[in-house]
1. Which of the lysines could a cross-linker span from LYS107 if the Cα-Cα distance has to be under 17 Å and same-chain partners fewer than 8 positions apart are dropped?
2. Could you run the Karplus curve 6.51 cos²θ - 1.76 cosθ + 1.60 with θ = phi - 60° over segment 171-180 and give me ³J(HN,Hα) per residue in whole Hz, x for Gly and Pro?
3. List, in order, the whole-Hz ³J(HN,Hα) value for each residue of segment 8-24 obtained from phi through the Karplus relation with A = 6.51, B = -1.76, C = 1.60 and θ = phi - 60°; use x for Gly and Pro.
4. Compute from the Cα atoms of segment 10-121 the Rg and the Dmax, the latter being the longest Cα-Cα distance, and quote both in angstrom.
5. Using just the helices of the chain, give the 222 nm mean residue ellipticity in deg cm²/dmol: DSSP H runs with n ≥ 4 each add -39,500 (n - 2.57), and the total is spread over all residues, rounded to 500.
6. Taking θ = phi - 60°, what integer Hz values does the Karplus form 6.51 cos²θ - 1.76 cosθ + 1.60 yield along segment 102-118, in sequence order, with x for Gly and Pro?
7. VAL120's amide H: which non-local residues (gap 5+, or another chain) put their own amide H closer than 5 Å, with H modeled 1.01 Å from N in plane and none for Pro or chain starts?
8. Using a 7 Å offset from the Cα along the Cα-to-Cβ direction at both LYS20 and ARG215, what is the distance between the two label points in nm, to one decimal?
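Computed from the coordinates by the stated procedures, all read-outs in this text should not be read as laboratory data. Because the structure is a prediction, the values reported are computed rather than measured. In this analysis, Cβ positions are derived from the backbone assuming ideal geometry, glycine residues included, and neighbour counts consider all displayed protein chains.
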Amino acid sequence: MAGNWKMYKTPAETGSFFEKFRPLVAATQYCEIVICPPFTNIAAAVEAARGTRIQVGAQNLYWAKEGAFTGEVSGPMIRAAAAAYVIIGHSERRQYFGETDATVLKKIGAALEAGLTPIVCVGELLEHREAGQTDAVLSEQCCEGILRLDDREFAQVVIAYEPVWAIGTGKTATPEIAAAAHRTIRGEVRSRYGEDAAGQVRILYGGSVKPDNVRSLMAQTEIDGALVGGASLDPVSFASIVNFQS
Ligand code: PGA
């Protein structure tokens, strides 16, 4: 269960979030819990998560290790800040910052080399879905991105299916729509890496996941977890998503 805070919260606000969130998930055992704050809050989040099962992730990285790349942050820098995960290829990065399947692939390589677990996002636009192109778009994003990894690399990747029309819009994909897209992605994984890899890869659903819809989404066996934006900003709401079974 991963929270993507996007461009929200200061270090002080990060501290207050964790004070409330920590006790609410202290007994949670069944899943990994990841918070991805802005870069400026990674240190505060790592400090606040010390001694808990909560892990911290970044929302992006650049593929070079260091160099004259003003404004960028590298995998080794993120790892040295004690984050364990990094979101790659989020649709907001693809839409507003020109990321492509090719840059996503480079970033995945850089993340793995730095010892970070990449959470790689794929998902179709509304116009793709309306034109019946969802499967084709997902297959292409997979084929040009994650499916170019070798078996050993692929085994370390988490995938997030995020239909772009459902992100921040309050329009969640129905559990059935989400599961069908997950099946498409898992099918691509199966044809490339085989049955075991398809069974083992974790595919998260993202797009307006809330405390009141998480249970029906997670009831789909295809859905292994959630990547949560808006609802991860509030400690009580994200904790109730994490603890949806109780
Ligand atoms: P949302 O964002 O939950 O606010 O729709 C999800 C995401 O963009 O990862």
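1. LYS65
2. 9, 7, 5, 5, x, 5, 5, 4, 5, 5
3. So the Karplus estimates, Gly and Pro as x, are 10, 5, 9, x, 5, 5, 5, x, 5, 4, 5, 4, 7, 6, 3, x, 6 Hz.
4. For segment 10-121, the Cα-based Rg and Dmax read 14.5, 45 Å.
5. Mean residue ellipticity, 222 nm, calculated: -12000 deg cm²/dmol.
6. Each residue of segment 102-118 in turn: 5, 6, 4, 4, 4, 5, 4, x, 5, 5, 5, 4, 7, x, 9, 8, x Hz.
7. ILE88, VAL158, ILE159, ALA160
8. Each label point lies 7 Å from its Cα, and together they span 2.3 nm.
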